[in-house]
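Nothing in this text is a laboratory measurement; each read-out follows from the coordinates by a stated rule. Treat the numbers as computed from the prediction; the structure is a model and nothing was measured. Positions of Cβ are backbone-derived with ideal geometry, glycine not excepted, and every protein chain shown enters the neighbour counts.
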Amino acid sequence: MELVYTHDLKSCAARHVGSIPTSGTSMYPFRSKILWVALIVSLLAICILSIQENSFQFFYYPLWLALGYLFLNNSRERLVRWHTRPWIKFLLLGYGAVLVEEIIVAFVHTLGGTFTLPDFLSQVQQFWAFNILAFTGFIIAWYILTRRFSYSIRDIFIVAGVWGLFSEHIFANALSYPVAAALLVLPVMYSYFFIAAPAVVSTPVPTAKTISKPLLYVVSLAIILACSIIPVLVLQQVRERVPRIFPPCEYIPC
């Protein structure tokens, strides 16, 4: 199945975004050995399949997930203690994660041919143009949500991950490509988790409400969807009028 980018604790209290973690904090979804094993198997399988097809596209996942894990695991406490206006910090970290992630996307795409710096920079610009718009609703929705509701690391993983599965068409392709869809579930969920998590954990709101998990997940996904409609419509219109500034249709379907 073709990869589609639409972009492209110690205590109970410490598990929630409203707390400041200690350096020894171990965070879900990194605690689960089952998830670790399943993720590693998935990454190995999709990388082997990529090599067999003479493609480097799926190497995006191990590169981005490794970088995201190292950054979040080593910087979470510093992000919380970074004193600036919450909305500025949130937007910088949200869009910053998207920009860094898309540099990796551009890099693995250029590996498919003869790597040149101008071609790489051109692809970086194209993926940035696309995903700044594609992820605007995602980032704004998370800011709105974290002002009102309390999220644990598990909650961020589930909400961001399910949205990623929807955005990357994993659900839509599950029946047609069941093996490929199954292999991509955890890599996609972790990928979107690492885009959302730095911004979300950096701006704790002590007064945020705690509601039942099913309701939290439904409300969160509905607000992300609602916030994404206008940016995606703008993206579609701009792409139709100025297609050269966006990735080619073979990379991200038009």
Using a Förster distance of 51 angstrom, determine the FRET efficiency expected from the C-beta separation of VAL218 and ASN54, and round it to 0.05. 0.75
Contour minus Cα-Cα span, ALA182 to ILE144, at 0.36 nm per residue, comes to 10.5 nm
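Give the order of ILE153, ILE252 when sorted by the count of other beta carbons within 10 angstrom, beginning with the fewest. Write out the running numbers ahead of the final one.
Values: ILE153 26, ILE252 21.
Sorted ascending by nearby Cβ count, the order is ILE252, ILE153.
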Given the candidates PHE171, VAL232, ALA222, the one whose Cα lies deepest towards the positive end of the charge dipole of the chain, counting +1 at each Lys or Arg C-beta and -1 at each Asp or Glu C-beta, is ALA222
Simple spin-label estimate for CYS249/LEU121, 7 Å along Cα→Cβ, in nm, reads 2.9 nm
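Treating only the Cβ atoms of Lys and Arg (+1) and Asp and Glu (-1) as charged, compute the dipole magnitude of the stretch 13-245 about its Cα centre; round to the nearest 20 debye. Please list the in-between numbers first.
On the way: 16 positive and 8 negative charges, 190 e Å.
Approximately 920 debye in magnitude.
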Candidate aspartates and glutamates for bridging to LYS213, where Cα separation is under 16 Å - those fewer than 8 sequence places away on the same chain excluded: ASP155
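Decide, for the stretch 35-135, between rounded, prolate and oblate: order the square roots of the alpha carbon gyration tensor eigenvalues as a ≥ b ≥ c, take rounded if a/c falls under 1.5, and otherwise choose prolate if a/b is larger than b/c, else oblate. Kindly include the intermediate steps, with their values, before the conclusion.
On the way: a/c = 2.82, a/b = 1.36, b/c = 2.07.
Because a/c hits 1.5 or more and a/b fails to exceed b/c, the stretch 35-135 counts as oblate.
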Cβ density ranking, 10 Å radius, fewest first, applied to HIS83, HIS169 yields HIS83, HIS169
Label ARG31 and ALA66 with points 7 Å out from Cα along Cα→Cβ: what is the distance between them in nm? 2.7 nm
Relative contact order (%) - the stretch 109-254, alpha-carbon pairs under 8 angstrom, separation at least six: 41 percent
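When N is the residue count of the chain, what does its C-alpha Rg come to as a fraction of 2.2 N^0.38 Å? Provide the component values of the computation, followed by the final result.
Details: Rg = 17.9 Å, N = 254, 2.2 N^0.38 = 18.0 Å.
Dividing the Cα radius of gyration by 2.2 N^0.38 Å gives 0.99.
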Using the Kirkwood radius built from alpha carbon pairs, what does the Stokes-Einstein equation give as D for the stretch 116-170 at 4 °C and 1.567 mPa s, in µm² per second? 98 µm²/s
Would you order ASP119, ASP155 from fewest to most other beta-carbon atoms within 10 Å of each residue's own beta-carbon? ASP119, ASP155
What Kirkwood Rh does the stretch 94-144 have if only Cα atoms enter the pairwise 1/r average? Answer in Å. 11.5 Å
Centroid-to-centroid separation of the stretch 198-254 and the stretch 145-188 [C-alpha atoms, Å]: 13 Å
